[in-house]
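What follows is a set of notes on a single structure, which appears directly below.
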Amino acid sequence: MDRRLAGLIELLDLERLEKDLFRGVSRDIGSPQVFGGQVLGQALVAASRTVEDRLVHSLHAYFLRRGDVNAPIVYQVERSRDGGSFTSRRVVAIQHGQPILTMSSSFQAPEEGSEHQAAMPDVPPPEDLSDSTDLPAEVLARVPEKMRRFFFAEDRPFEFRHVRPFDYRKPEKREPVKQVWFRAVDRVPDDQALQRCLLAYVSDHQLLDAANLPHGQPWFELQMASIDHALWIHRELRVDDWLLYAIDSPSRSSSRGFSRGSIFSRDGRLVASVAQEGLIRERPGGWQGTRPPGSSD
């Protein structure tokens, strides 16, 4: 397996401390704090390891405090309910004695039923698009170092191809709509629970910048962080096949941006839906000083 993807799967492989208590470590990918998708993915792994014969179909999380990449994170699972068809879990991620994330998740036993779905947007296939990390060296040299590692790092476990690329340094003002293809850089084991944990991880990428598109503000002049995150999984999926993330932002106000996304498989199946609200403050040097709402907000 590609070392980048193997490293991410290892990152999600938590240490069990007690029956419902787990510990994970962090990886610095250039974000101003622990990447929210990492905490989401690890929290979902913790919850999943207390559930048998059921797969997660939804999660709802709040980011409470900035995560420290140099300290372990402890995940405490509460077994809220084990019903005939559905199982509910609540997870608290704890660091330095304080919660940094709370997450509720629901798992369902396999069940058949009638189906319908929204149609996938008509966009070019990923083969016709360039890798979004493929930028000229002279352009990369002008991007702040931490921002460069977060958006354009060569060791990412996922590949992204934007249908309509934009410049994070000098974005043009346009409608708050974007589509981006993504997939893992190598094949993932045939474990649907793992596939869904990896989807939770990557679903935190790409969303919030849609709320900045109508304003055209350089990212490194903004203080940005996820406040909450919701994910619904409708159908089985594979993160190592191309998935289309179709995102729009209906609102930005009171220093908060709201974005929602639909995730489609290559053959047009709607496999997941996502919604997120995030902090967006206009502040020179904001990228380096970004922190989520916490004790000082």
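The values are calculated or read from the model by the stated rules, or taken from the named source; none is laboratory data. Every value quoted in this text rests on a predicted model; they were computed, and no experiment measured them. Counting neighbours? That spans all protein chains shown, and the Cβs are built from the backbone with ideal geometry, glycine included.
What is the one condition in (1) at pLDDT 90 or above; (2) of a type in the set (V, I, T); (3) part of a loop (DSSP other than H, G, I, E, B) that T133 does not satisfy?
Here T133 clears every test but (1).
Report whether or not L17 is within 23 Å of F158 (Cα to Cα) and not in a loop (DSSP other than H, G, I, E, B). Walk me through it before giving the result.
Numbers: within 23 Å of F158 (Cα to Cα): no; not in a loop (DSSP other than H, G, I, E, B): yes.
So L17 fails the test.
Here is a yes/no grid of residues against (1) of a type in the set (G, A, S); (2) at negative phi; (3) outside any strand (DSSP E or B):
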| residue | (1), (2), (3) |
| --- | --- |
| I227 | no, yes, no |
| W232 | no, yes, no |
| R235 | no, yes, yes |
| D241 | no, yes, yes |
| S251 | yes, yes, no |
| G257 | yes, yes, no |
| G261 | yes, yes, no |
| F264 | no, yes, no |
| D267 | no, yes, yes |
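Is one or more of the residues making up region 137-159 in a loop (DSSP other than H, G, I, E, B), of a type in the set (V, I, T) and modelled with pLDDT of 95 or more? Before the answer, list the steps.
Filtering region 137-159 for residues in a loop (DSSP other than H, G, I, E, B) gives 141-144, 153-157.
If we keep only those that are of a type in the set (V, I, T) as well, we get 143.
So of that shortlist, the ones also modelled with pLDDT of 95 or more come out as none.
No, because not a single residue in region 137-159 is in a loop (DSSP other than H, G, I, E, B), of a type in the set (V, I, T) and modelled with pLDDT of 95 or more.
Filter region 255-277 down to the residues that are hydroxyl-bearing (S, T, Y) and at pLDDT 95 or above, then identify the one that is farthest from H116 (Cα to Cα). Steps first, please.
Just the residues of region 255-277 that are hydroxyl-bearing (S, T, Y), to begin with: 255, 259, 262, 265, 273.
This time we only want the ones that are at pLDDT 95 or above, so: 259, 262, 265, 273.
Numbers: S259: 23, S262: 14, S265: 15, S273: 14 Å.
So, considering only residues that are hydroxyl-bearing (S, T, Y) and at pLDDT 95 or above, the one farthest from H116 (Cα to Cα) is S259.
Quick one: how many residues across region 50-91 are of a type in the set (V, I, T), closer than 25 Å to I29 by Cα and either in contact with a Pro (Cβ under 7 Å, 6 or more places away or on another chain) or at pLDDT 95 or above (or both)? Give the derivation first.
At the first step, the residues of region 50-91 found to be of a type in the set (V, I, T) are 50-51, 56, 69, 73-74, 77, 87, 91.
Then keep just the ones that are closer than 25 Å to I29 by Cα; that gives 69, 73-74, 91.
Keeping just the survivors that are either in contact with a Pro (Cβ under 7 Å, 6 or more places away or on another chain) or at pLDDT 95 or above (or both) gives 73-74, 91.
The total comes to 3.
Mind checking which pairs have a first residue in region 102-126 that is at pLDDT 95 or above and a second that is surrounded by 13 or more Cβ atoms within 10 Å (Cβ to Cβ) and of a type in the set (D, E), Cβ under 9 Å, 6 or more apart or different chains?
That search, which allows pairs on different chains as well, returns P126/E159.
Return only the number of the condition from (1) modelled with pLDDT under 90; (2) closer than 20 Å to V239 by Cα that Q217 does not satisfy.
With respect to (1) modelled with pLDDT under 90; (2) closer than 20 Å to V239 by Cα, Q217 is out only on (2).
Being more than 24 Å from N212 (Cα to Cα) and of a type in the set (D, E) is the filter here; which residues of region 223-241 pass it?
Selection gives E236, D240, D241.
For residues in region 77-113 being among the small types (G, A, S) and assigned to a strand (DSSP E or B), which is surrounded by the fewest Cβ atoms within 10 Å (Cβ to Cβ)?
Initially, region 77-113 is screened for residues among the small types (G, A, S), giving 80, 83-85, 88, 93, 97, 104-106, 109, 113.
Those left that are additionally assigned to a strand (DSSP E or B): 80, 88, 93, 104-106.
Values: S80: 12, S88: 16, A93: 27, S104: 17, S105: 25, S106: 20.
The qualifying residue surrounded by the fewest Cβ atoms within 10 Å (Cβ to Cβ) is S80.
Per-residue answers, yes or no, for (1) more than 14 Å from the chain's Cα centre (by Cα); (2) aliphatic (A, V, I, L, M):
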residue	(1), (2)
R187	yes, no
D191	yes, no
L194	yes, yes
C197	no, no
L208	no, yes
L213	yes, yes
G216	yes, no
F220	yes, no
M224	yes, yes
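Mind telling me which of the residues V69, V56, V74 ends up being aliphatic (A, V, I, L, M), more than 20 Å from R196 (Cβ to Cβ) and assigned to a strand (DSSP E or B)? Let's see the steps before the verdict.
Numbers: V69 fails: assigned to a strand (DSSP E or B); V56 fails: more than 20 Å from R196 (Cβ to Cβ).
Unique residue meeting the criteria: V74.
Within region 184-225, work out how many residues are closer than 21 Å to L8 by Cβ, assigned to a loop (DSSP other than H, G, I, E, B) and hydrophobic (A, V, I, L, M, F, W, C).
3
Residue by residue, here is whether (1) within 17 Å of A230 (Cβ to Cβ); (2) surrounded by fewer than 17 Cβ atoms within 10 Å (Cβ to Cβ) holds:
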position	(1), (2)
Q42	no, no
V45	no, no
T50	no, no
V56	yes, no
L59	yes, no
R65	no, no
N70	no, yes
I73	no, no
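Checking R281 against (1) in contact with a Lys or Arg (Cβ under 7 Å, 6 or more places away or on another chain); (2) surrounded by fewer than 22 Cβ atoms within 10 Å (Cβ to Cβ), which test does it fail?
Condition not satisfied by R281: (1).
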